[in-house]
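J.: Sending over a structure as structure tokens; questions will come in a sec.
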Amino acid sequence: MTDLSIPPASTVDLDLEGMSCAACATRIETVLNRLEGVEASVSFATEKATVRYAADKLAVEGLLAAVRDSGYDAHVAVEGVLRDHAAAHRAALREVGLAALFTAPLLLEMGAMFAGGHGLLPAAWQWLLATPVQFWSGLRFYRGAWAALRGGGANMDVLVALGTSVAYLYSSAVFAFGLEGHLYFEAAAMVITLVLLGKYLEARAKAQAAQALESLVKLQPATAWVERDGRLVEVPIDTLARGDAYVVRPGDRVPVDGRVVSGESAIDESMLTGESMPADKRAGARLFAGTVNRGGGALACSATGLGRDTVLAGIIRMVAAAQASKPPVQKLVDRISAIFVPVVVAIAVLTFAGWWWFAGFAAAIVPAVAVLVIACPCALGLATPTALMVGVGRAARAGILIRNADALEGAGSIDTLLLDKTGTLTRGTPQVTDVLPVAGIEAADLMALAVSLENASEHPLARAIVEAPQAKGIRPRALEGFTAHGGRGVSATLEGAPLRLGSPDFLREAGLAIDDAVLEALAREGKSVVGVARGERVLGWIALADTLRETTAAALARLAKMGIEPVVLSGDNAAAVGAIAKALGIARWKGGVLPAGKAEEVAALQKAGRRVGMAGDGVNDAPALACADVSFALAGGTGVAIETSDVTLMKNDLAGIADAVALSRATLARIRQNLFFAFVYNVLGIPLAAAGLLNPVVAGAAMALSSVSVVTNSLLLNRWKAD
């Protein structure tokens, strides 16, 4: 029995069956949206419907019934379970193979027709060969047409079934009753065969477009190693609970999100961040499901996220939702698709009537059938969603998670980027920048005392000193009487001499002489300063600052070339913000800005006609992120940022924003190209067919190739590479 359990917030994804073109998707979407409290989006390319509904007014069974009443089938999609594209390929290959087998001999008659003659193949043989193609291979078109008409709509199946039936039935009448006239068995059979070939190639291409999502799903491990009775045992991951212990051996994938309890190793997180270099992990570090232990050590871990709650599961949901969403440009296509098929049928009827009036019944068949076949809206329906699927998938592989199609389209149009300082332009943690001993004191001796004093502290400045490059190789010395003084500093005794380390005010309290000129120079650069004293003498100063990421300057230079102006808004003090802005060459900046003030800045820029992007950490920048046209979060894989931002950069690197903008523009360019070719194809093809200048067989081949060309053009996005 189908599991009808649904995700929270009354949202459900439906797998759809029976769609043959964009008109089908439009029909299903219209039917669902007519239901009270329902907001549905249907994608022809992904064959999915994402439905938000009022659970107190409608059950999920009602949604399924509405789809089935409209002539299609649906069932609730199971998270993490993808369609078997290989099975669909095999079925499509069997269909087109059988049709081609019976149609191949009819090519003789077609060749004779193009040479100006006919009759190479007896009429009876033509009928015997064409009949199984028409009613066996073509059965899917009759079923689809009947389902669409029964549901009150019309789709590509209607066009194919109507066009080939006219040609087949007319030819059968001529053959059966010995009437004068040309036989069009070869045209009907070839159109069906070519359409089936197009559907097969289309299915293969759509599967290629979906490979990014499939590759993410395959990253989810099925088992984990746990220690039982002193030995490692492999167990299914669904038996783990939050807080359970597990082990990640060298070469293994991390089974669930967790924290390292003990051990050291290097983890390949490229599937999340796009970063090729493994990240060092030790006690306290976060681990993410699907990443790989590339180091030589085993890690003992504690589970923090399982099932739907892992970062990888969140990424899969986001990629799937983005691929199924629709950018604003698709709305025009949907409106056209809704009326396209009825308009084409009307044009075909008028074409038939006109040719019958002026040239006779037999002469009217070919142009009318050609109109029906050439006008298939498949290319139009695939133009946007296939490019979107490939673009979103390619972004995911580069560590860029795009929430929906609106975000993808919007990212390419921003002209102003507001940037938080801490954690966005900078690393987000203090680093030692200067070691300034007084005369007669060596820098190494100053750092040795500082490391000894700060070794036991967990304060961010203390950890920065202990882990500084200048502290490498220093062994902390044993101290006596260690005391922490409320965040102002620490004190201890070494070999009978009192030691102090802390802020300038902390040292002043002990009556020590302070050189204010040195402190003022460092303060102008936005740096924090701690001093080290022994006895009655200050030995020197250590300056710390939240330093720029190595890639920030290059990323901002790329954005400037794209025509995007950077503006820094930070709650930090003006001196620190100004120093960072000056170092990066950013002209517009403001410090001491509260969260509400950032949102006001966004609104002011939008009022001035700017398209505003906002980059922050997704928490204290939340108001501005919500107001911006597109929000970017440098998440490092945090669940909060994934759930709140339009675009999440799994690698803490501003270069990801430039990549997202570049990929957005590349994807939109493909969509525009696809729509241009699809529209031009139909605009030019229908008049040519109506004028009798297009044979139905040629029209069928062109129709099939148009869909494949649109999808192939979209697949070229897979070649996109970050600069």
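J.: Would you mind computing, in nm to one decimal, how far apart the modelled labels at W125 and V343 are, each placed 7 Å from Cα along Cα→Cβ?
T.: 4.5 nm
J.: At what distance in nm do the modelled label points of H459 and R242 sit from each other, each positioned 7 Å from its Cα along Cα→Cβ?
T.: 3.4 nm
J.: Under 5 Å between amide hydrogens, which residues at least 5 positions from T551 or on another chain qualify, with H placed 1.01 Å from N in the peptide plane?
T.: none
J.: Turning to a different aspect of this structure: Given the peptides 436-443, 599-606, arrange them by the average over their residues of other C-beta atoms within 10 Å, most packed first.
T.: 599-606, 436-443
J.: Set the bar at 31 Å for Cα to Cα. Now go through K582/K651; K48/K721; K561/K651; K598/K721; K421/K561 and name every pair that lies beyond it.
T.: Where the Cα-Cα span goes over 31 Å, the pairs concerned are K598/K721.
J.: Still on this model: Could you tell me the convex hull volume per residue, in Å³, taken over the Cα atoms of segment 519-605?
T.: Enclosed volume per residue, from the Cα hull, is 113 Å³.
J.: Follow-up question, since we're still on this one. Return the inverse of the average 1/r over all pairs of distinct C-alpha atoms in segment 360-473, which is the Kirkwood hydrodynamic radius, in Å to one decimal.
T.: 21.2 Å
J.: With each label point set 7 Å from Cα along the Cα-Cβ vector, what nm distance links T429 and L149?
T.: Result: 6.9 nm between the two label points.
J.: From the phi of every residue in segment 398-411, what ³J(HN,Hα) in whole Hz does the Karplus formula 6.51 cos²θ - 1.76 cosθ + 1.60 yield, where θ is phi - 60° and glycine or proline is x?
T.: Coupling constants for segment 398-411: 8, x, 10, 9, 9, 5, 7, 5, 4, 5, 4, 5, x, 4 Hz.
J.: Ok, one more. Calculate one ³J(HN,Hα) per residue across segment 446-452 by plugging θ = phi - 60° into the Karplus curve 6.51 cos²θ - 1.76 cosθ + 1.60, and present them in order as whole Hz with x for glycine and proline.
T.: The phi angles translate into 4, 5, 5, 5, 5, 5, 4 Hz.
J.: If r is the Cβ-Cβ distance from A691 to L139 and R0 is 22 Å, what FRET efficiency results, to the nearest 0.05?
T.: So the FRET efficiency works out to roughly 0.10.
J.: Just to check I understand the Karplus step: with θ = phi - 60° and J = 6.51 cos²θ - 1.76 cosθ + 1.60, what whole-Hz values come out for segment 217-222, glycine and proline as x?
T.: 4, 5, 6, 6, x, 9
J.: Between E600 and A497, what is the FRET efficiency for a Förster distance of 51 Å, r being their Cβ-Cβ separation, to the nearest 0.05?
T.: 0.40
All of the numbers you see were taken from the coordinates with simple rules; none came from a lab. Quick caveat: nothing in here was measured; it's all calculated off a predicted structure. Virtual Cβ from ideal backbone geometry, glycine too; neighbours counted across all protein chains shown.
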